[in-house]
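The values are calculated or read from the model by the stated rules, or taken from the named source; none is laboratory data. Please read all numbers here as calculations on a predicted model, not as lab measurements. Cβ sites come from the backbone with ideal geometry, for glycine too, and all protein chains shown count toward neighbours. For the accessible areas, the whole protein counts, side chains as well, though only heavy atoms, and no ligand, DNA or RNA atoms are used. Shrake-Rupley method; radii C 1.70, N 1.55, O 1.52, S 1.80 Å.
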Amino acid sequence: MSLYKRGNIWWCSWEIDGRPVAETTHTRDQAEAQEYHDQRRAELWRERRLDKIEIPTWDTACLAWLEGHARDKKSYSTDLSRLRWVNPRLTGRKLDKINNALLTEIRDECLKGAEKPRARSTCNKHLAVISAVLHYAHTKDWIVGIPNIPYFPEPEGRIRFLTRKEAGRLINELPEHLAQMARFSLATGLRRGNVTGLRWDDVDLARRVAWIWPDEAKAGRAISVPLNDQAVEVLQERLDTNPEFVFTFKDAPIWHVKTKAWDKACKRAELHDVDFHTMRHTWASWHVMAGTPLEVLMQLGGWSSMEMVLRYAHLAPGYLANYAGNVGAVPYNSPTVENEDSEKSSQLAESMGWLMGLEPTTTGITSLTDVSAHDESKTYKIKDAQKRRKIA
């Protein structure tokens, strides 16, 4: 099957028993036409080859995805919580009946929320889980095509980072165990999960280095974390507190950082929209403003792509300015007065002298080329010439 356009309307065509057949999609929108094309293709495919095969329901595909793929993801618990909201809206529905219109209804319902409106990014994350299940079903040949997922557009927002004064106010207001964690994150840039789960076995104070293993890193690869003086100072304060975990509270590991104590400390410090991940943004921003190359920052932060690091590039104008002159000198010739124009200007000035009743030899008029050179010693001397004529 193929998709093409007749005038402003999209059409799809295919062959049935060697005979070409064309059908209009009744729409000018290419995405809607593509969805119609995929649905018709699935129907024809099922009619001709899968008449005796039952199309699975959403419930079957969802359970298969959880068992065969999602259980190994780091975001398994988060995906599971989102599916708890999605499942009642898709339960019992055949996979081939899940289309763009239905997903749009689910998206809009998610946006309204039961108690308060949700953010568009939150709705997109729910849609992403639905998309993951449908793609998994597609790999199993349970469906021929995947409907267009109606994601909300998400404009790039500003990165919240703290100034050094703001960071100082926050640390002074935090309880000791949270203040130590915030100081350590500001010194290393580690994410919340890597700070709370840090074990003494993964720290070498003598070599001033810590390790984050692949199964603990977001990017899925090991990170070697160099420890500066501030990070070492925090670790020395935590010595002999717990034999296994570095950061604990009442001898128990800390898993939740943004607690009431954190919120109250932010309120006392007069800071808004600050969570623990703000420490990582602040660490990266301070690095870039201090001149750390973006390539080095990418390795220090354990990012998997430069795209994530480029979010901080605007904070390094000095770093970019070092290369601004590499383009070299731009060829340019300053404009000069042509001889023809100079002669005309000289004739005009001389004629002005005759109109004033002055002889050319006594007017003291110079050529315009001398005037254009801004030489004050060769300017017009009409007044001096008039005085000499009166004396004579």
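Starting from the Cα of K264, step 7 Å toward the Cβ, then list every residue of region 146-189 with an amide N under 13 Å from that point.
Backbone N within reach: 173-176.
Shape call for region 146-227 from the C-alpha gyration tensor, a ≥ b ≥ c root eigenvalues: rounded (a/c under 1.5), prolate (a/b greater than b/c) or oblate?
Values: a/c = 2.69, a/b = 1.30, b/c = 2.07.
Since a/c reaches 1.5 but b/c is at least a/b, the shape of region 146-227 is classed as oblate.
If I compute solvent accessible area with a 1.4 Å probe over the protein chains, what percent of it on region 209-261 is carbon and sulfur?
Numbers: 1770 of 3260 Å².
It is 54 percent, rounded to a whole number.
Measuring from centroid to centroid over Cα atoms, what is the spacing of region 251-267 and region 93-120 in Å?
Measuring centre to centre over Cα atoms gives 33 Å.
Taking all pairs of distinct Cα atoms, average 1/r, flip it, and tell me the Kirkwood hydrodynamic radius of region 67-124 in Å to one decimal place.
Numbers: mean 1/r = 0.0776 Å⁻¹.
Result for region 67-124, one decimal place: 12.9 Å.
How far apart, in nanometres, would the label points at D215 and M308 be if each is projected 7 angstrom from Cα along the Cα-to-Cβ direction?
Here the modelled spin labels are 2.0 nm apart.
Label A329 and D229 with points 7 Å out from Cα along Cα→Cβ: what is the distance between them in nm?
Taking the two extended label points, one gets 4.6 nm.
Does region 179-315 come out rounded, prolate or oblate, given a ≥ b ≥ c as the square roots of the eigenvalues of its C-alpha gyration tensor, rounded meaning a/c under 1.5 and, failing that, prolate meaning a/b above b/c?
Verdict is oblate for region 179-315.
Which whole-number value in Å² is the accessible area per residue of region 196-280, probe 1.4 Å?
Working: 5120 Å² over 85 residues.
Value for region 196-280: 60 Å² per residue.
Just to confirm a number: summing +1 for Lys and Arg and -1 for Asp and Glu over residues other than E67 whose beta-carbon lies under 14 angstrom from that of E67, what do you get?
Numbers: positive: R71, K73, K140; negative: D59, D72, D79.
Summing Lys/Arg as +1 and Asp/Glu as -1 gives 0.
Is the shape of region 213-275 best called rounded, prolate or oblate, per the rule: a/c under 1.5 gives rounded, else a/b larger than b/c gives prolate, else oblate, with a ≥ b ≥ c the square roots of the Cα gyration tensor eigenvalues? Intermediate values should be presented prior to the final figure.
Values: a/c = 1.68, a/b = 1.36, b/c = 1.24.
Prolate, since a/c reaches 1.5 and a/b exceeds b/c.
For region 268-314, what are the per-bin percents of Cα-Cα distances with bins 5 Å wide, up to the bin holding the maximum?
5, 20, 31, 21, 12, 7, 4, 1
Per residue, what accessible area does region 27-178 have, given a 1.4 Å probe and all protein chains present, in Å²? Before the final figure, lay out the partial values.
On the way: 9340 Å² over 152 residues.
Here the residues of region 27-178 average 61 Å² of exposed surface.
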